[in-house]
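First comes the structure, then the notes that go with it.
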Amino acid sequence: MIFLVMFEYFELRKPGQWWMKKGSSHRLKSPEDFHFKISQQLQVRLEKNSLESCSPLNPGQKHLHTSLHIFNCTSVYEFLEHYQLKKLPDSLSHILKRWLKDEVQILLLEKPPLPKELLFLQSEGQRVVTLSIEAIMNGVLVDGHRDSLEFLLHDLVHADLFFSHHHNEQVLFFKKISDHIKRFDPLIESDEKFETDLNAIMSDMNSTAEHLHSCLHSSLINHKKRQLSWPVDQNLPFDSEAELKTHFAPFFENRVI
């Protein structure tokens with residue numbers, strides 16, 4: 001299903017120009033009946049309005065079989081091995097191939113999880129990919145800003161970052177936040193900007209643990225400055241900084257602001 005949606009969107013936006021054979025500089029063009037076959041198969045799947053039969057290990061692969069033979073491929077994995085998605089990061093093919101090989105724990109959802117829900121999943125070593133059938137059927141944006149394809153690609157890029165060689169340290173960071181989440185409640189209730197920043201860290205940021213800690217530190221410091229009406233370009237008073245470090249000690253251990 002994921003690949004049906006991706007191929008359909010790509011073919012609609014850039015007919016015959018969204019893929020090319022690896023190692024080749026020649027511009028190839030999709031066969032005339034390619035878009036028709038993809039559209040026909042996708043419509044059948046959308047009419048069910050469900051992801052029920054989309055296994056994370058084989059997301060819609062059998063439904064692409066009649067179209068993949070056009071590329072002399074018998075599987076999605078083979079297609080990704082021999083063709084590249086033009087003007088898209090290599091990380092997309094990389095994470096899709098790892099997902100197909102069952103090397104990563106990715107959950108396929110129809111609706112984006114709440115920030116705290118995604119935080120918990122990441123603390124357990126999992127990441128999600130959202131494919132909104134409802135948004136496709138109704139022609140609406142998933143989060144008010146991105147269509148289904150853009151949201152799908154966004155999730156796949158984040159998944160690749162999450163399952164990078166920084167995976168374990170990210171899991172430990174998110175678990176630490178999850179274990180101490182109640183410490184942030186007073187800040188969330190009194191500071192809308194801090195809530196926005198924390199949500200972004202919990203659900204829309206995948207990097208090194210050092211960078212994640214740095215972003216959290218900045219968010220905490222800026223919250224304290226807003227609380228004190230303190231100038232943004234000045235350091236916090238010593239007692240305020242000490243209070244912050246004490247209350248959020250698990251996040252400042254062996255670190256400096």
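The values are calculated or read from the model by the stated rules, or taken from the named source; none is laboratory data. Predicted, not measured: the structure shown is a model, and the values here were computed from it. Cβ placement follows ideal geometry from the backbone for every residue including glycine, while neighbour counts extend to all protein chains displayed.
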Seminar exercise, completed: Residue hits (the stretch 152-208; without any contact (Cβ under 8 Å) to a residue 24 or more places away in the chain, among the hydrophobic types (A, V, I, L, M, F, W, C) and in a loop (DSSP other than H, G, I, E, B)) are MET205
Exercise. SER164 fails exactly one of the following numbered conditions: (1) surrounded by 17 or more Cβ atoms within 10 Å (Cβ to Cβ); (2) closer than 30 Å to SER132 by Cα; (3) modelled with pLDDT of 95 or more; (4) not basic (Lys, Arg). What is the number of that condition?
Worked result: (1)
For this session: Output the residue which, of all residues in the stretch 85-105 that are under 16 Å from VAL5 (Cα atoms) and outside any loop (DSSP other than H, G, I, E, B), is modelled with the lowest pLDDT.
Result: LEU85
Problem set entry | Long-range neighbours under 6 Å by Cβ, at least six apart or interchain, first residue in contact (Cβ under 8 Å) with a residue 40 or more places away in the chain and part of a helix (DSSP H, G or I) within the stretch 211-238, second surrounded by 16 or more Cβ atoms within 10 Å (Cβ to Cβ) and of a type outside the set (Gly, Ala, Ser) | LEU212/PHE173
Exercise. What is the one condition in (1) part of a loop (DSSP other than H, G, I, E, B); (2) of a type outside the set (D, E, K, R); (3) in contact with a Lys or Arg (Cβ under 7 Å, 6 or more places away or on another chain); (4) surrounded by 18 or more Cβ atoms within 10 Å (Cβ to Cβ) that LEU244 does not satisfy?
Worked result: (1)
Problem set entry | Only listed residue being touching a Pro at 6+ places or on another chain (Cβ under 6 Å), more than 16 Å from ALA209 (Cβ to Cβ) and either assigned to a helix (DSSP H, G or I) or in contact (Cβ under 8 Å) with a residue 12 or more places away in the chain (or both), chosen from LEU149, LEU108 | LEU108
Problem set entry | Identity of the residue in the stretch 95-134, within 13 Å of the chain's Cα centre (by Cα) and among the β-branched types (Val, Ile, Thr), that ends up farthest from ASN168 (Cα to Cα) | THR130
For this session: Take the stretch 53-80 and flag every residue that is under 22 Å from the mean Cα position of the chain (by Cα) and modelled with pLDDT of 80 or more.
Result: VAL76, TYR77, LEU80
Exercise. Of all the residues that make up the stretch 85-103, how many are surrounded by fewer than 18 Cβ atoms within 10 Å (Cβ to Cβ) and either of a type outside the set (D, E, K, R) or more than 14 Å from PHE162 (Cβ to Cβ) (or both)?
Worked result: 10
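Quick check: is even one residue across the stretch 129-144 in a helix (DSSP H, G or I), free of Cβ contacts under 8 Å to residues at least 60 places away in the same chain and more than 25 Å from PHE71 (Cβ to Cβ)?
Quick first cut of the stretch 129-144, residues in a helix (DSSP H, G or I) only: 133-138.
Then drop every residue that is not free of Cβ contacts under 8 Å to residues at least 60 places away in the same chain, which leaves 135, 138.
This time we only want the ones that are more than 25 Å from PHE71 (Cβ to Cβ), so: 135, 138.
Yes: one or more hits.
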